[in-house]
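See structure below.
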Amino acid sequence: MKPETRAGQLALKHCTAANIPFTMLTNVFSWDDRDGLKRLQAELKHYDGAIDGLFWRNSVNAFVQQFQKGYIITDGTLAQAPGIPVINYLSPVVHRFKARRKITPVGIVVHEPVARGVSRIVNILSRRHLGVHFIVSSEGTITQHADTHDRLGHAGRWNKHTLGLEVENIYYGHLARGEEKKRIISAKWAHKKRYVVPTKEALDSATDLIAYLCDVVETIPQRWLGLKANNTMRMGRLPRDLRDPKQPGIWAHTYFAHADGGYIVEYAKEKLEDA
């Protein structure tokens, strides 16, 4: 199907509404090729083009149902993510942050939002004209909000080179409530010195996602940028000469900005190295 034809324009309309690149849909299915559509049209006695809209609407709906879960979208293609509890932005319930430019990511920056709930995190980022590629909820569910090669505003100069990963966490001990109070620790590296540890479900899902992205996105190595010579992890700012946004690997936001992400990166390193 050519985008310049009437049928192609209808296809693009439905694909755009569902956040699907036109080429992604046409490369996956055989039943939406030009010959198949011609045969479908030939069965109608009076063809006026309306069948195109119905055909592509149904095609797009089927595509979304099949690929909105268990797949990650990277550079306009679908990558199966076995064992990763991910829902991508093809789903109508997942917000997609808009990007005007593309990047070749070489790293991942891990953030903590000081907020509860994915929808709340999305609203906060949207109001600030920011965005992240992935959000891990406290239950361990992952939502993908942009293509891995979309440029989003999440880390200043690092935007040109990295993916943004938010892990739901209230962070501050004085904001904790209910079960969160049981996860408070004293931490010299944390802002205000009392830190709420993320849920185990969130930590494990974030770790699995980091490992998966380092495997699927060839330009991102599983390299721990906060690792010190004594094999321990930094929990604060890196020395100035090591804070180069082009450095490939895994960043905690605390390595160059706010005091968040360090605990999660340390957890991921230890778990993946033990495995």
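The values are calculated or read from the model by the stated rules, or taken from the named source; none is laboratory data. Only a predicted model underlies this, so the values are computations on that prediction, with no experimental measurement involved. Quick reminder, even Gly has a Cβ in these numbers, built from the backbone with ideal geometry, and neighbours come from all protein chains shown.
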When the residues of the stretch 43-80 are filtered to those that are modelled with pLDDT under 80 and charged (D, E, K, R), which remaining residue is surrounded by the fewest Cβ atoms within 10 Å (Cβ to Cβ)? Lys45
Residue that is among the β-branched types (Val, Ile, Thr), in contact with a strand residue (DSSP E or B) (Cβ under 9 Å, 6 or more places away or on another chain) and surrounded by fewer than 18 Cβ atoms within 10 Å (Cβ to Cβ), where the choices are Val216, Val197, Val167: Val216
Residues satisfying the stated conditions in the stretch 81-109, i.e. exposed (fewer than 15 other Cβ atoms within 10 Å of the Cβ) and closer than 28 Å to Ala252 by Cβ: Pro82, Gly83, Lys98, Arg100, Arg101, Lys102, Thr104
Identify, please: which residue in the stretch 219-249 is among the polar types (S, T, N, Q) and surrounded by 10 or more Cβ atoms within 10 Å (Cβ to Cβ) and is, among those, farthest from Thr104 (Cα to Cα)? Thr232
Which residues, taken from the stretch 172-193, are basic (Lys, Arg) and not in a helix (DSSP H, G or I)? Arg177, Lys188, Lys192, Lys193
